[in-house]
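The structure appears right after this line, and notes come after that.
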Amino acid sequence: MSETLVVNEIYLSLQGESTFAGLPCVFVRLTACDLRCSYCDTAFAFTEGKKRTLEEIRVEVRRLAAAYSKTNVAAEVTRLASNREVGSGKQEQQNEPPHVGCYRLPLVELTGGEPLLQKNSLLLMQQLCDDGFTVLLETSGAHDISHVDPRVRRIVDLKCPSSGEVERNRPANNPHLKATDEIKFVLGTVEDYEWAKQQITTHKLDAICPLLMSWVHPLRPEQQHKSLKPVPTDQTPITRQQLVERIIADALPVRFQAQLHKIIWPPEQRGV
Ligand code: SF4
C-alpha cells in the first residue's frame, strides 16, 4: 500500500523566515499539531487536511518547481549557443535548476502544524533530498529530530514562556543540533527575551548554529483559535522596537527576523 501523509496545503511562495528568507520556496504544510502556542497563526492546520500519497506530494512539488527549471533551461540554451559561437566545445550540463550558492531553487520546506507528528514526513524529506531539492524542516522542537535525514536543514522553534508551551521543549534534541540547523525564538514578552538569552548562554547555542529571533505578530480576531494557550498573566509585553534595542544593547549573537510574508501580504492571508 502507498505511503501517505495528511496535507493541509502545498504552495509556492517566498521564504519569509530563517537565513533563507527572501528565496522562493515550495511549502508543504502538514496537518495536526500537539502544541497550542498562544500566538499560533496556523491553527487552520490543526485539523484541516487531505490524505495524499508521497508520490502525489512529490509530483505537486515538482509541478510548482518546474518554472524554475524552464527559466534556467532558457538561460542554458543561450549560454550554450554563446559557447558554440566562441567554439569553446565544453561539455555543458543541461536542465540544471538555478541555485543561490549551493542551494537549488526553489527550496522545499515541510511545515505545519508539526510535520514530525506524521512519521512518513521522514520518508518524504528523504525522497525530496534524493530528488535534489534543498529541504527545510520547520519543527516545534517538541519531537525527536535525530531521525531526520542529515541533508535536511532543521529549523527548531524553541518555545518561550509566553507561548504557554515552554515545558514542551525537548532538551534531548540539543546534542543532535548541528551547524546546518537553525534555532528560532519567537518572543512576545520581556520574560521571553530573558529566557532566550539564558538558553543561549547556558547551552552556548551560538556555537552550534545560527540563532533567529522573531517578534510575535499579534493575531487578528479570526485567527484566535479557542484552543490556544493564554499568555501567562504575569508577563510584560515587549514591542518589536524594544526587542531589537535589547538585542543590540546586549550584543546578542542572533539574527532578528521579520516575517517577510506578513509584510508583503495581509498577515492573515493563506497560501503565501
Ligand atoms: S508548534 Fe507551531 S503549529 Fe503548533 S501550535 Fe505552536 S505555532 Fe502553531
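Observations on the model:
- Footprinting exposure proxy ranking of GLU9, GLU3, GLU138, GLU109, fewest other C-beta atoms within 10 angstrom first, gives GLU3, GLU9, GLU138, GLU109.
- Our estimate of slack between SER146 and ALA249, defined as 0.36 nm per intervening residue step minus the Cα-Cα distance, is 33.6 nm.
- Per-peptide packing, taken as the mean over residues of other Cβ atoms within 10 Å, places 210-220, 179-189 in the sequence 179-189, 210-220 from highest down.
- Gain upon complete extension [TYR11, ASP130; 0.36 nm per residue less C-alpha separation]: 40.8 nm
- Computed on the range 4-264, with alpha-carbon pairs under 8 angstrom and 6+ residues apart, the relative contact order is 20 percent.
- Radius 9 Å from Cβ of VAL28, net charge of other residues (Lys, Arg +1; Asp, Glu -1): -2
- Here is the size of the chain from its Cα atoms: Rg then Dmax, 20.2, 73 Å.
- Computed helical MRE - 222 nm, the chain, DSSP H runs ≥ 4 contributing -39500 (n - 2.57), nearest 500: -8500 deg cm²/dmol
- Relative packing of peptides 226-235, 245-254 - highest average C-beta neighbours within 10 Å first: 245-254, 226-235
- Each other residue within a Cβ distance under 9 Å of ILE208 adds +1 if Lys or Arg and -1 if Asp or Glu, for a net charge of 0.
- Lysines whose Cα lies under 20 Å from that of LYS178, excluding same-chain neighbours fewer than 8 positions away: LYS159, LYS197, LYS204
- Label-point separation, ALA179 to GLU55 (7 Å along Cα→Cβ), nm: 4.0
- Förster radius 41 Å - calculated FRET efficiency between PHE256 and ASN120 (Cβ-Cβ, nearest 0.05): 0.75
- Extension gain, ARG63 to GLN242, is 60.1 nm, computed as 0.36 nm per intervening residue step minus the present C-alpha separation.
Each value in this text was obtained by applying a stated rule to the coordinates, not by laboratory testing. Here the structure is a predicted model, which is why all the values come from computation and not from measurement. Cβ coordinates were reconstructed from backbone atoms using ideal geometry, including for glycine residues, and neighbour counts include every protein chain displayed.
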